[in-house]
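Chemist: Below you'll find the structure I mean.
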Amino acid sequence: MAVIPVELAGREYEVRVGTGLLADVAGQARPFLRKHHVCIVADENARAHWGETIAGSLGAAGIEPRWYDVAPGEGSKSWDSLARLTDWLLAQGVERGDHVFALGGGVVGDLTGFACAILKRGCGFVQLPTTLLAQVDSSVGGKTGINTAHGKNLIGVFHQPTLVLADTALLGTLAPRDFLAGYGEVVKYGLLGDLAFFEWLEKHAPAMAAGDMEARVQAVTKSVQMKADIVQRDETE
């Protein structure tokens, strides 16, 4: 497992990259689990693939998962979705010192992060990104928000997660189109000024696409490190 620190004064956190992290989610997130239950906001498809894995880990630690399903797609990043989610979290008794899990891609991460930013004037959340794009980009940096009729992501705040678990095993369930969408972001990091990484990608891209786990871990780790460097220089970039 690779551990990339995001060094922000007073809001430091780790991004952990590796395989099997979700199967050990209770152990990985143990310091942030104060109660015998935890609220999990999940993309419906992600829960179908990984819900039992998470429930098994939490159950073995004596923690009950309480699920809130979100429909896939940008349509879920709306005022109505935000209102329903915050009402549900309040009904579950979420308090300022609690942490909510976000399982899914950028939509779930953005929506959950925003809800946690405003709930009780701020509670914690743990990112469990399930897409390559979310693992290397949206789960790191604290950009949260929703869409409006005036445009995408125009309502939101910067609210950093407490922990990010980028489990590369999850990428095996992605459709080729979704994997390539995330790979485009990975290539961008190489083009931003790391020629050696770009050349490495040219050599290892076919293996990554075919499911080479070591290559995927290396690519995600390098990309997250570059994203963390950007965030540390300018959190609002």
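Chemist: Please report the antiparallel percentage of the DSSP beta bridges confined to the chain, to the nearest 5.
Modeler: Percentage antiparallel, nearest 5: 30.
Chemist: Tell me the net charge near D137. Cut-off is 10 Å between Cβ atoms, D137 excluded, with +1 for each Lys or Arg and -1 for each Asp or Glu.
Modeler: +2
Chemist: List the DSSP H helices in the chain whose Cα atoms stretch 27 Å or more along the helix axis and whose mean Kyte-Doolittle hydropathy is at least 1.0.
Modeler: Membrane-span-like by this rule: not one helix.
Chemist: Order 93-106, 71-84 from most to least packed using the mean count of other Cβ atoms within 10 Å.
Modeler: The most tightly packed comes first, giving 93-106, 71-84.
Chemist: Which whole-number percent of Cα pairs in the chain have a distance greater than 25 Å?
Modeler: The answer is 37 percent, as a whole percent.
Chemist: Per residue, what accessible area does the stretch 1-129 have, given a 1.4 Å probe and all protein chains present, in Å²?
Modeler: Result: 42 Å² per residue.
Chemist: Right, something else. Could you work out the equivalent-ellipsoid semi-axes for the stretch 5-143, taking the square root of 5 times each eigenvalue of the Cα gyration tensor, largest first, in whole Å?
Modeler: Semi-axis lengths for the stretch 5-143 are 19, 18, 17 Å.
Chemist: W67 to L90: extension gain in nm, 0.36 nm per residue of separation minus the Cα-Cα distance?
Modeler: Extending this stretch completely gives an extra 6.9 nm.
Chemist: Once you have a ≥ b ≥ c as the square roots of the Cα gyration tensor eigenvalues for the stretch 105-237, tell me rounded if a/c is under 1.5, and otherwise prolate or oblate according to whether a/b is larger than b/c.
Modeler: prolate
Chemist: State the extension gain, in nm to one decimal, for the chain segment bounded by E214 and H49, taking 0.36 nm per residue of separation less the distance between their alpha-carbons.
Modeler: Stretched out fully, the E214 to H49 stretch lengthens by 57.2 nm.
Chemist: Over 18 Å between Cα atoms: which of K188/K227; K203/K227; K143/K227; K35/K77; K120/K227 fall into that group?
Modeler: Those over the limit are K203/K227; K35/K77; K120/K227.
Chemist: Would you pull out the residues with amide H under 5 Å of D212's amide H, same chain only if 5 or more places away, H placed 1.01 Å from N?
Modeler: none
Chemist: Restricting to DSSP loop positions (anything but H, G, I, E, B) with no more than 12 other Cβ atoms inside 10 Å of their own Cβ, which GluC sites (Glu not before Pro) remain in the stretch 1-72?
Modeler: The qualifying sites are E7, E12.
Chemist: Full extension from V3 to T236: what is 0.36 nm times the residue separation minus their Cα-Cα distance, to one decimal in nm?
Modeler: Once the chain is fully extended between V3 and T236, it gains 81.6 nm.
Chemist: Shifting gears a bit: Which peptide among 212-222, 173-183 comes first, and what is the full order, when sorted by highest mean count of other Cβ atoms within 10 Å?
Modeler: Averaged packing, sorted descending, gives the order 212-222, 173-183.
Chemist: Moving on. Once neighbouring chains are kept in place and the probe is 1.4 Å, which whole percent of the accessible area of the chain is contributed by carbon and sulfur?
Modeler: After summing per-atom areas, the C and S share lands at 52 percent.
Chemist: At E202 and K188, where each label point lies 7 Å from the Cα along Cα→Cβ, what is the point-to-point distance in nanometres?
Modeler: 2.2
The values are calculated or read from the model by the stated rules, or taken from the named source; none is laboratory data. Quantities reported herein were computed from a predicted structural model and do not represent experimental measurements. All Cβ positions, glycine included, derive from the backbone under ideal geometry; neighbour counts span all protein chains shown. Side chains included, ligands, DNA and RNA excluded: accessible areas come from the protein's heavy atoms. Shrake-Rupley method; radii C 1.70, N 1.55, O 1.52, S 1.80 Å.
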